[in-house]
Amino acid sequence: MTLEEVAKYLKLKPQTIYTWAQNNKIPAAKLGKEWRFRKSIIDKWFNNHINKDFAHFIIE
């Protein structure tokens, strides 16, 4: 996924995703000048960061 696709998927601004990628706060790979993301890894990352009170709703 591109940076823009991840931002849309997570309903965040692209600048937020860009900053997180630069600071290793979200799993990403930089290919040349472009950031790329794997959806399956983003889903796992999100599930690991969801509030523990809602963890019982996660179905894997």
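Brief remarks on what is shown
- Per-region count, region 1-22, residues more than 17 Å from D43 (Cβ to Cβ) and of a type in the set (V, I, T): 2
- Subset of region 10-27 that is in contact (Cβ under 8 Å) with a residue 12 or more places away in the chain and of a type in the set (A, V, I, L, M, F, W, C) - its residue that is nearest to H49 (Cα to Cα): I26
- Some residue of region 21-35 being part of a helix (DSSP H, G or I) and of a type outside the set (S, T, Y): yes
- Residue within region 2-9 that is polar (S, T, N, Q) and either touching a residue at least 24 places away in the same chain (Cβ under 8 Å) or touching a Ser or Thr at 6+ places or on another chain (Cβ under 7 Å) (or both) present: yes
- Which listed residue is at pLDDT 95 or above, charged (D, E, K, R), surrounded by fewer than 13 Cβ atoms within 10 Å (Cβ to Cβ) and at positive phi, from K39, K30, K11: K11
The values are calculated or read from the model by the stated rules, or taken from the named source; none is laboratory data. Just so it is clear, the structure is predicted and the values come from calculations on it, not from any experiment. All Cβ positions, glycine included, derive from the backbone under ideal geometry; neighbour counts span all protein chains shown.
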